[in-house]
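This report concerns only the one structure given below.
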Amino acid sequence: MEKIIIEGGARLDGIVRISGAKNAALPVIVASILTDKENKINNVPSLKDVDTTCQLLKGIGVRVERSEDGQVIADASHINDTEASYDLVRTMRASVLVLGPLLARLGKAKVSLPGGCAIGARPINLHLKGLEMLGAKITLEHGYIVAEAKKLKGNRIYFDIATVTGTENVMMAAVLAEGKTIIENAAREPEVVNLASVLNSMGALIRGAGTDIIEIDGVTKLKGGEHTVIPDRIETGTFMVGAAITGGDVEMKDCIPEHIEPLTMKLREAGAYVDTGEGWIRVRGNGRTESVDVKTAPYPGFPTDMQAQLMTLMTISEGTSVITETIFENRFMHVAELRRMGADIKVEGNTAVINGVTKLSAAPLMATDLRASASLILAGLAAEGETVISRVYHLDRGYEAIEKKLSALGAKVRRIK
Ligand code: EPZ
């Protein structure tokens, strides 16, 4: 079991390059199932979840090659299976994204129903309802979803919740369905837009991605192509908070400022200096930050994936902050760990009230989920003394070489076996 050790107190100073977005790379790689032509995907981050996705595709007969510089080549011309096994889905619930493409390309799919996860039950009922409305017959057998469809037909689909991967799953099924599909209350996340533009460059006819109504005219075949994954807005936000919490001066480059606008506004409100430009954001600390209130929401609202990281900053800000988590029912796992460092946080249902303290004190901590792990790293940077974080495999799912990037900015951080 690896651990990460952080000696607190160092400012973060310098320039950090933002990697490709995990949550854009996964669906774009999976979309290669939709065609028998080769797809080249650039700016793919080297993360555990990307490894799992490539392993999943290889397991059903897709030729997948990866290069050191972040390119993935995928060729599904000889796809020979339609099953995503339990042990793969167990390690990465985003494996359910193969449902739509397998149904569209081969007319059948067998995917393990994902279990719950640390942050919530995370059902996929909306994915299944959407695919059924496109004509799929879906049954549950021994923990597996078994889906079949002679030919998918376009339909009008309304999502009660703007589900990100649900929108992606249905969109990938609809691009090869007969006729028109309209998705209402679609997710508007940049990762959905990235997927839609990749599908359109493969010959799909998708309009409205990025708004809550997406229209798709089915086509008979898709071609291959070369695509690029957008930068990771959550990695960007994590380093932005790192600069503010250590009173440092950090430039995030190769990022897209408007994708993390809600955090920029909150950090400015808290008193940090945030400047943005074409492909870069610069954050400078400005003494102790002020407390701000935040309510997470689907894009373009404040991202739930940044909630834990901002809470860490609030634990040592001046005043009282109220943070409300509206997306997942159990996304305060980091609170207990932060309390052990001296944070003053009260949780009432899906709301946390944080009274800022002047200092956190280092402690042995345990990571519970991907973004909570990032919040503990940030706490360790700001705390007095040496923080030791265990179960860092959570971190490796979503952050490419985070301790190398932090050390390059001056942090005293190392990983031990
Ligand atoms: C995506 O998860 C991201 N993962 C998550 O990032 C992110 O936190 C989440 O969107 C919200 O932004 C990927 O893109 C791979 P949802 P997803 O479906 O698609 C409920 C990270 O840290 N819901 O938008 O699974 C669900 O329970 C990860 O990188 C249903 O009830 O999230 C949740 O409460 C964590 N039924 C809400 O909707 C469904 O069929 C939003 O979930 C689907 C979702």
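FYI, it's all coordinate maths here, none of it is from the lab. Quantities reported herein were computed from a predicted structural model and do not represent experimental measurements. Here Cβ is always computed from backbone atoms with ideal geometry, including for glycine, and neighbour counts include all displayed protein chains.
Per-residue counts of other Cβ atoms within 10 Å, averaged by peptide: what ranking do you get for 227-238, 172-183, 347-358, highest first? Can you show the working numbers first?
On the way: 227-238: 25.6, 172-183: 23.2, 347-358: 15.6.
Sorting 227-238, 172-183, 347-358 by mean packing, highest first, produces 227-238, 172-183, 347-358.
If you wrap the range 1-153's Cα atoms in a convex hull and average its projection over all directions, what's the area in nm²? Don't skip to the answer; put the middle values down first.
Details: hull surface 47.4 nm².
If you wrap the Cα atoms of the range 1-153 in a convex hull and average its projections, you get 11.8 nm².
For A84, the residues whose modelled amide H falls within less than 5 Å of its own, excluding neighbours fewer than 5 places apart on the same chain, are K110, V111, S112. Here's the list of lysines a cross-link from K266 could span, going by alpha-carbon distance under 19 Å and ignoring same-chain residues fewer than 8 apart: K295. Counting Lys and Arg as +1 and Asp and Glu as -1 over every other residue whose Cβ lies under 13 Å from the Cβ of K266, the net charge comes to -2.
Expressed as a rounded percentage, what relative contact order does the chain have, with Cα pairs under 8 Å and six or more residues apart? Don't skip to the end; give the middle numbers.
On the way: 1047 pairs, mean separation 86.5, N = 417.
Normalised by residue count, the contact order of the chain is 21 percent.
The relative contact order of the range 311-383 comes to 39 percent, based on Cα pairs under 8 Å that sit 6 or more residues apart. A Stokes-Einstein calculation at 20 °C with viscosity 1.002 mPa s, built on the Kirkwood radius of the range 285-345 over Cα pairs, returns a diffusion coefficient of 176 µm²/s. Across all C-alpha atoms in the range 283-417, the radius of gyration and Dmax reach 14.3, 39 Å.
Show me the three semi-axes of the equivalent ellipsoid for the range 26-113, from the C-alpha gyration tensor (sqrt of 5 times each eigenvalue), largest first, rounded to whole Å. Intermediate results must be reported in sequence, preceding the final value.
Values: eigenvalues 72, 50, 18 Å².
With the √(5λ) rule applied to the range 26-113, the semi-axes are 19, 16, 10 Å.
Take the residue pairs K48/K405; K22/K404; K40/K150 and return only those whose Cα atoms are more than 22 Å apart. Numbers along the way, then the final one.
Working: K48/K405 17 Å; K22/K404 18 Å; K40/K150 29 Å.
Going by Cα-Cα distance, K40/K150 fall outside the 22 Å limit.
Determine the distance separating the Cα centre of the range 372-410 from the Cα centre of the range 235-290; give it in Å without decimals. After rounding, the separation between the Cα centres reads 18 Å.
Please quote Rg/Rh for the range 351-392 to two decimal places, taking the Kirkwood radius as Rh and restricting both calculations to Cα atoms. Let's see the in-between values first.
Details: Rg = 10.8 Å, Rh = 11.0 Å.
With Rg and the Kirkwood Rh in hand, the quotient comes to 0.98.
Shape annotation for the range 8-73: C-alpha extents along the principal axes are 52, 19, 19 Å, from largest to smallest. Values of log10 I(q)/I(0) for the range 259-314 across q = 0.24, 0.27, 0.30 Å⁻¹ run -1.03, -1.21, -1.33, by the Debye formula with one identical scatterer at each alpha carbon and no solvent.
Considering all C-alpha pairs of the range 98-159, those separated by over 15 Å amount to 50%.
With both partners inside the chain, how many of the DSSP beta bridges are antiparallel, as a percent to the nearest 5?
Numbers: 58 of 82 bridges.
Taking every DSSP beta bridge with both residues in the chain, the antiparallel ones total about 70 percent.
Between the C-alpha center of the range 318-340 and that of the range 14-84 there is a gap of 34 Å.
Calculate the translational D of the range 223-312 in whole µm² s⁻¹ from Stokes-Einstein, where the hydrodynamic radius comes from the Kirkwood formula applied to all Cα pairs, the temperature is 4 °C and the viscosity 1.567 mPa s.
Numbers: Rh = 13.5 Å.
The estimated diffusion coefficient comes to 96 µm²/s.
Phi-derived couplings, Karplus 6.51 cos²θ - 1.76 cosθ + 1.60 at θ = phi - 60°, listed residue by residue for the range 223-237: 9, x, x, 10, 9, 10, 7, 5, x, 7, 5, 7, 5, 4, x Hz, with x used for Gly and Pro. Every Cα-Cα pair of the range 124-267 was included, and the share exceeding 18 Å stands at 62 percent.
Here the mean projected area of the convex hull built on the C-alpha positions of the chain is 18.0 nm².
Using a simple charge model, +1 on the beta-carbon of Lys and Arg, -1 on the beta-carbon of Asp and Glu, nothing else, what dipole does the range 62-149 show about its Cα centre, in debye to the nearest 20? Display every interim value, and only then the final one.
Working: 10 positive and 10 negative charges, 70 e Å.
Here the range 62-149 has a charge dipole of around 340 debye.
Partners of K153 within straight-line reach, counting lysines whose Cα lies under 27 Å from its Cα and excluding those fewer than 8 residues away in the same chain: K37, K108, K110, K129, K137, K180, K221, K223. Shown here: the range 337-417, whose C-alpha atoms stretch 36, 25, 21 Å along the first, second and third principal axes, sorted largest to smallest.
Can you say what percent of the DSSP beta bridges in the range 1-145, counting only those with both residues inside, are antiparallel? Round to 5.
On the way: 13 of 15 bridges.
Roughly 85 percent of the beta bridges in the range 1-145 run antiparallel, per DSSP.
Computed about its Cα centre, the charge dipole of the chain is approximately 640 debye, with only Lys, Arg, Asp and Glu carrying charge at their Cβ. Taking amide H positions as modeled 1.01 Å from N, with prolines and chain starts lacking one, the residues under 5 Å from G61 and 5 or more places away or on another chain are N80.
At 4 °C and a viscosity of 1.567 mPa s, what translational diffusion coefficient does Stokes-Einstein give for the range 67-111, taking Rh as the Kirkwood radius over Cα pairs? Give it in µm²/s as a whole number.
Values: Rh = 11.9 Å.
Rounded, D is 109 µm²/s.
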